[in-house]
Amino acid sequence: WRTEHDGTTAARNDLYDYAASCVPNGACLLTELTARASSEALLHSILATVPDAMIVVDETGVIVSFSAAAEQLFGFNESEAVGQSVEILMPHPDRRQHGSYMHRYLTTGQKRIIGIGRITVGQRRDGSTFPMELAVGEARTAHSRVFTGFIRDLTRRQATEVRLEEMQAELAHASRVSAMGTMASSLAHELNQPLTAVANYVEAARDLLDVPNAENVAIVREALSDAAKQAVRAGQIVRRLRDFIARGDSEKRVENLRGLINEANALALIGVAELGIDVRLDIDDAISGVLVDKVQVQQVLVNLIRNAVEALTDAPTRRLTISAVPIADQMVQISVVDTGPGLDAEVERKLFRPFVSTKDAGMGLGLSICQTIIEAHNGTIWLDKPAEGGTAFRFTLAASDPEDGR
Ligand code: ADP
């Protein structure tokens, strides 16, 4: 492109066609193009037609160009967006932190996102948020430097286009869920036996107590101890199921917590953008990494986030906050907090027990699986009831040794 189109002889149409053809995959090329396109009209025609939302910001984070696709995606007109800080397109806490990210890059040259791209959350004009894939490029012109951002709305993305990694996580989840279905029917059958036995022993004991003589009381004692044994057996059957679901091929590695949470969040939020949930991520910068089986921990997050989203469907305030802070003993505490109606009293009483659900199609296994996974990671998970209402689930994970880097 450089050799073919350098200089002023390049036909505008050629350049335009080229730009249009390379845009879907070529953020970097367009970055270069942005820098070189001295003609405003040319830039405008590109901005009007790039299929992905494209935003150009200057060194201070002020929007200088806003493509037609960006207008559609974010709900701002170009004229409204240009001149404003790019932070208007971000939910908290990214909004708060963006200035310091940029400052850090400009002063240290340390790249966190430029040229790398990542999955994150965007905010529309009406305050609703959505998962998006962001690729950022940098362009230097003679006088200044600009940053170009390409944004792809993940809510609209076809299932077949989902990034491989997300698919793997989802597949691992789906295959366990379907294996769970098979397990569940055999489980129902297996459980029936000890439960019927418990009922029989207890009923017999009750009848024997009509005549509470010494002989009968001895039999009652025996019947009750048999009933207890059967109940323990029923519990073991359920535990086996939970272990089976959680076990998988557990492989713990040092994982970047921010990336892990971002991906799980994007995965859990696919298709729910229209509910207009205000999603906030607040991950303490002091956390480097965690030592976990990524797919399993993402499964925990997806379960908790989906439960929260379902709880928020009819809530007057729809806010979901996912946060992570370092705590004592080299651990990290992660919270998923919603402003929904709070937990049903019966569910709360039997919290983390399997098959407890208030949903028509719910299996009531999500929280129980979350607990098994977190405990397999030597962490704990608990319910916290925020004073202002809603539900908070918190869990802990081992932070990776800082020596391991990341
Ligand atoms: P399921 O989602 O299949 O019902 P779970 O074990 O994940 O199974 O959840 C059990 C029950 O806990 C749900 O049916 C719901 O009643 C309740 N629950 C879980 N998370 C929340 C939440 N964030 N807000 C309100 N209720 C919740």
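The values are calculated or read from the model by the stated rules, or taken from the named source; none is laboratory data. Since we're looking at a predicted model, the values are computed, not measured. Positions of Cβ are backbone-derived with ideal geometry, glycine not excepted, and every protein chain shown enters the neighbour counts.
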Item checked: Hits in segment 294-346 (condition: in contact with a Ser or Thr (Cβ under 6 Å, 6 or more places away or on another chain), hydrophobic (A, V, I, L, M, F, W, C) and closer than 17 Å to LEU365 by Cβ) -> LEU343
Notebook entry, point to check: Out of all the residues in segment 356-374, is one or more within 16 Å of the ligand (Cβ to nearest atom) and in contact with a Gly (Cβ under 6 Å, 6 or more places away or on another chain)?
Noted result: yes
Notebook entry, point to check: What is the residue count in segment 320-354 for residues that are in contact (Cβ under 8 Å) with a residue 60 or more places away in the chain and farther than 17 Å from ILE381 by Cβ?
Noted result: 2
Checklist line | Candidates VAL336, VAL332 - the one that is within 8 Å of the ligand (Cβ to nearest atom), buried (at least 18 other Cβ atoms within 10 Å of the Cβ) and either farther than 22 Å from ALA234 by Cα or under 21 Å from the mean Cα position of the chain (by Cα) (or both) | finding: VAL336
Next item on the list: Considering only residues that are under 20 Å from PHE130 (Cα atoms) and either modelled with pLDDT under 90 or surrounded by fewer than 16 Cβ atoms within 10 Å (Cβ to Cβ) (or both), look in segment 314-329 and name the one that is nearest to the ligand (Cβ to nearest atom).
Entry: ASP314
Item checked: Test set (1) in contact with a strand residue (DSSP E or B) (Cβ under 6 Å, 6 or more places away or on another chain); (2) within 16 Å of the ligand (Cβ to nearest atom) - ALA264 fails condition number -> (1)
Note to self: Can you report the number of residues in segment 56-98 which are assigned to a helix (DSSP H, G or I) and either modelled with pLDDT under 70 or buried (at least 16 other Cβ atoms within 10 Å of the Cβ) (or both)?
What the structure shows: 16
Check: Has segment 341-353 got any residue that is hydrophobic (A, V, I, L, M, F, W, C), at negative phi and more than 9 Å from the ligand (Cβ to nearest atom)?
Finding: yes
